[in-house]
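Worksheet: the structure to be examined is printed underneath.
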Amino acid sequence: MIVAGVSAVVVVLAERPLVMPLALWVERQNWGFVYQFGLPPWFEIAAALVLMDYAFYVWHVLMHRVPFLWRMHLVHHVDLDLDASTALRFHFTEMLASIPWRAGQVVLIGLTPFSFSVWQCLFILSILFHHSNIELSICWERWLNKVIVTPRMHGIHHSIVERETNSNWSSGLTIWDWLHGTLRLNVPQAEVTIGVPAFQEQKAVTLPRILCATF
Ligand SMILES: [Zn+2]
C-alpha cells in the first residue's frame, strides 16, 4: 500500500497538473489526430479512448523491453500473489517516467479533459479487474477475453516463465495482442507461478527491497 500511496501522490502532484492543462489546450485548439476527420463528437471520444488503449499497449511493451524501464516495472511484477492490490503497486519512478508519454498521448491523439478522465476511470477499473482474484468460469473467461483482458489472461503475463511474461501486454482491449501475435491463452492456470525469477522468496519482496529495486 505504501508503494501505491507514493505513486498516487506522484500522479496527483506531477501528472494531473501537466496533463490536464494540455488536455484543455487540445480541446480549445481541436488539436490531435481524432479531430482531423470531422467525425461526430461521440466518435472522436470513442476513437481517442481506443487509441489511448493502444498507446498503453506500446508503453507496456517498452516497460518490458527497455532495461531501465523494466527495472521500474518489475516492482509491479515481483508480487507473489496476484490480487487487486497488485494493480496499484507501481514504483513511483514508473509513474514519473510515464508522464512525458502520457502528455504525448494526450496531444497527439487529441484527448480533452473529459475524454482523459473517462479513459482514466476505465483504465483503473480494467486493471483492478484483471489483477483481481475473481474466479470466473472458463466459459466467461473465454467470452470476455475475446474483447477485454481477464484475470486469467493477465495472470499468464505475470508468470515467472519468460515467454509467458512476454505475452498478453494489453491492459484494456485484447485486440492489440491479437493483432501483434502476442496473445497467449493456452496455459493452464494451475501451472502459472506468479512473480519474477530473482524475487521468488518472501524476504526478497520486502518494502525497502521493492523501493530500491529500481536503483
Ligand atoms: Zn508487465
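The values are calculated or read from the model by the stated rules, or taken from the named source; none is laboratory data. Computed from a predicted model, the values in this text were never measured in an experiment. Using ideal geometry, Cβ is built from the backbone for each residue, glycine included, and neighbour counts are taken over all protein chains shown. Heavy atoms of the whole protein, side chains included, go into the accessibility calculation; ligands, DNA and RNA do not. Shrake-Rupley method; radii C 1.70, N 1.55, O 1.52, S 1.80 Å.
Rounded to the nearest percent, how much of the accessible area of the chain (1.4 Å probe, protein heavy atoms only) is carbon and sulfur?
Numbers: 7700 of 11120 Å².
Answer for the chain: carbon and sulfur cover 69 percent of the accessible area.
Largest to smallest in accessible area, the residues 45, 134, 109 fall in the order 134, 45, 109 (1.4 Å probe, all protein chains included).
Here the Karplus relation 6.51 cos²θ - 1.76 cosθ + 1.60, evaluated at θ = phi - 60°, turns the backbone of segment 134-141 into coupling constants of 5, 9, 7, 5, 4, 5, 5, 4 Hz, with x for every Gly and Pro. Between segment 184-198 and segment 77-135, the alpha-carbon centres lie 22 Å apart. Given +1 at the Cβ of Lys and Arg, -1 at the Cβ of Asp and Glu and no other charges, the dipole of segment 100-177 around its Cα centre is 140 debye to the nearest 20.
Against the main long axis of the alpha-carbon atoms of the chain, helix 92-105 sits at an angle near 30°. If the chain linking residue 83 and residue 142 were pulled fully straight, counting 0.36 nm for each residue of separation and taking away their Cα-Cα distance, it would gain 19.2 nm. Backbone N atoms of segment 52-67 closer than 13 Å to the 7 Å Cα→Cβ label point of residue 108 belong to residues 52-60, 62.
Think of segment 97-177 as a dipole: +1 on every Lys or Arg Cβ, -1 on every Asp or Glu Cβ, centred on the Cα centre; then among 153, 110, 165, 110 lies furthest on the positive end. On alpha-carbon atoms, Rg over Rh for segment 22-174 using Kirkwood Rh? Here Rg/Rh amounts to 0.99. Here the dipole of the chain is about 280 debye; that uses its Cα centre as origin and unit charges on the Cβ of Lys and Arg (positive) and Asp and Glu (negative). Helix 16-29 and the longest principal axis of the Cα set of the chain meet at an angle near 30°.
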